[in-house]
Amino acid sequence: MAKKIGKMSGLQFALSQILEEPQQADEFSAEDAFLEARQKDPKITLPSVRNKIIRMERDGLLTKRQIRRNGTIINLYSKA
């Protein structure tokens, strides 16, 4: 029998740490933001969008978490 950690068993806890929570409705990647911004300004570049998002995260306006998408680890951002 698995050892209990709080209300979770050890196995449940391990699985909660291994399995990633899917992207939530309020989360976006830099690529998502770029595609949206490009509809309004066709001249905008992905590096400029990434830099602005990184600055916003550094200033505490956004929070970041990492997930695996198609075998690649990406950052997801949401409003802080």
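Where a number appears in this text, it was derived from the coordinates with a stated rule and is not lab data. These figures come from a predicted structure and were not determined experimentally. Please note: Cβ atoms are built from the backbone with ideal geometry, for glycine as well, and neighbour counts cover all protein chains shown.
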| Candidates Ser48, Ser29, Ser16: whichever shows maximal mean-square fluctuation once the chain is modelled as a Gaussian network with Cα springs under 10 Å | Ser16
| Dipole of the chain [Lys/Arg +1, Asp/Glu -1 at C-beta], most positive-end residue of Gly10, Leu35, Tyr77 | Gly10
| field | Helical segments meeting 15 Å axial Cα length and Kyte-Doolittle -1.0 threshold in the chain (DSSP H) | value | 30-40, 46-58
| field | Ratio Rg/Rh [Cα only; Rh per Kirkwood] for the chain | value | 1.15
| remark: In a Gaussian network model of the chain with springs linking alpha carbons closer than 10 Å, the residue among Glu57, Glu31, Glu20 that fluctuates most is Glu20
| said: Quick check on the chain: helices-only [θ] at 222 nm, where DSSP H runs of length 4 and up contribute -39,500 (n - 2.57) each and the sum goes over total residues. Nearest 500, please. | reply: -12500 deg cm²/dmol
